[in-house]
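Asks: Handing you this structure, nothing more for now.
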Amino acid sequence: MDLFTHALLPYLFGKVQNVKKEYLTALILGGIAPDFDVFIMGVSGIFPSLFIITHRGITHSFLFGLLTMMAVLYLASRQKIRNKIRKYVDFNPVFSRENIMFGYFGVVLHLFLDGVTTRGVPLFYPFEIARYSAEVFFYTDTFLMIVSLAIVVYIFKKPVQKHTAVKFLLIFLIAFAVMGGLRIVEKNDALDFFEGGGKQAFPTMNPFEWYVLSDGEIITTYQYNGMNSLSQYNETVQRLNVLSGGAGLDAALTTAGELPQVKSFKWRAHAVAINATFGNETWLLEYYDPLQRSEMRSAPAVLRRGFSRFSALNVSMKNGNASVV
């Protein structure tokens, strides 16, 4: 979800409960704290083994979300930072046990909102690295963002009392329920359209358009439009496609699979297919995400180039050594 929604929802909950200013501040800081990962996500580029330090990575778990919120609340409560922010907003951060509790409620709201968007968040890291998602909303929902932004603009222009906050909270929850309900219906229609089980549906910005993935030894991606109940596009690829054979493919795949860049790619991908080519005593392994390639098929060229590293990864394997190329 977007920053406006992450800040607005805990604010409205706090205003409805008529909590004092320092608690309200903690709620809002907790609601946005996990997204402070944008300041540390470059770490994974320097140290590939720390690929979990990325956007919607380590800070989007129950444990590290708490630690991140505590760090943000502590820094915000320092006098110099507090005084600078007070020039723009009514701000009263206090680092205390009570405020940590309110701040953590904001974190949980953040994780819930991101957990209903595509690809989700690693809720139980470091105990489990898997990401959890309801796959209902796209990364950012335009409709909800507009609703949240309109309410935020109103709040900045005019003080909000409890009764007004109740109305705004109801407006947001109704908008969330309506859009979420529409998307769930469309998601189920997309899955029902294709015969056989074992398929997953992934949202797009358009609530009526979905990608459906059949993930097995053969990976098939479909694009479904609920407005006309048609599959507009599909592509089938082999999970492992050996373009030119040679000795030691299993060993090459095992060794390459230990590279942090490959682990990171698999962690991000909807599904992973591999093109394997052998020549000059070298295996060239192309890891790619068939669904993401389908998503980028109609995107502008500048976006395809910018996101190419997320949709494919090339690894060279020679003399027992694997390296990203």
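Bear in mind that the values in this text are calculations on the coordinates, not laboratory data. Small disclaimer: the values here were computed from a predicted structure and weren't measured. Reconstructed Cβ throughout: ideal geometry from the backbone, glycine too, with neighbour counts over all protein chains shown.
Asks: Taking all pairs of different Cα atoms in segment 1-88, averaging 1/r and flipping that mean, what Kirkwood radius in angstroms comes out?
Replies: Hydrodynamic radius (Kirkwood, Cα only) of segment 1-88 equals 14.1 Å.
Asks: Okay, moving on. Based solely on C-alpha atoms, express the radius of gyration and the Dmax of segment 175-325 in angstrom.
Replies: 17.8, 59
Asks: Taking 45 Å as R0, compute the FRET efficiency from the Cβ-Cβ separation of I184 and A251 and round it to 0.05.
Replies: After rounding to 0.05, the efficiency reads 0.50.
Asks: Sticking with this one: In degrees, nearest 10, range 0 to 90: what is the angle between the Cα axis of helix 3-16 and the longest Cα principal axis of the chain?
Replies: On a 0 to 90 degree scale, this one is about 40.
Asks: Where does segment 138-233 land on Rg/Rh, using Cα atoms and the Kirkwood Rh?
Replies: 1.16
Asks: To the nearest whole percent, what portion of all C-alpha pairs in segment 26-137 is separated by more than 22 angstrom?
Replies: I get 35 percent for the Cα pairs in segment 26-137 exceeding 22 Å.
Asks: If you don't mind, there's one more thing I want to ask. Between the alpha-carbon centers of segment 239-282 and segment 62-93, tell me the distance in whole angstrom.
Replies: What the calculation gives is 45 Å, centre to centre.
Asks: While we're looking at this one, here's another question. Could you give the dipole magnitude of segment 3-179 about its Cα centre, charging the beta-carbon of Lys and Arg +1 and that of Asp and Glu -1, in debye to the nearest 20?
Replies: For segment 3-179, the charge dipole is close to 880 debye.
Asks: Can you find, among G216, N188, M69, the residue farthest towards the positive end of the dipole of the chain? Put +1 on the C-beta of Lys and Arg, -1 on that of Asp and Glu.
Replies: The one lying farthest along the dipole's positive direction is M69.
Asks: Here's something else I'd like to know. Among (i) 6, 22, 28, 23, 14, 6, 2, 0; (ii) 6, 25, 32, 23, 12, 3, 0; (iii) 6, 29, 37, 22, 5, 0, 0, which one is P(r) over Cα pairs in 10 Å bins from 0, in percent computed from these coordinates?
Replies: (i)
Asks: Sticking with this structure for a sec: I need two numbers for segment 195-236: Rg to one decimal and Dmax as a whole number, Cα atoms only, in Å.
Replies: Here Rg and the maximum Cα pair distance are 10.3, 31 Å.
Asks: Mind pulling the angle between the C-alpha long axis of helix 62-76 and the longest principal axis of the chain? Nearest 10 degrees, somewhere in 0 to 90.
Replies: 50
Asks: With angles folded into 0 to 90 degrees, how steeply does helix 162-193 sit against the dominant principal axis of the chain? Use alpha carbons for both and round to 10.
Replies: In the chain, helix 162-193 runs at an angle near 20 degrees to the longest axis.
Asks: Restricting to Cα pairs below 8 Å that are 6+ residues apart, what does the relative contact order work out to for the chain? Please round to a whole percent.
Replies: Across the chain, relative contact order equals 13 percent.
Asks: Continuing with this model, one more query. Of A150, L113, V160, which is farthest along the charge dipole of segment 3-179 in the positive direction, counting Lys and Arg as +1 and Asp and Glu as -1 at C-beta?
Replies: The Cα lying farthest towards the positive end belongs to V160.
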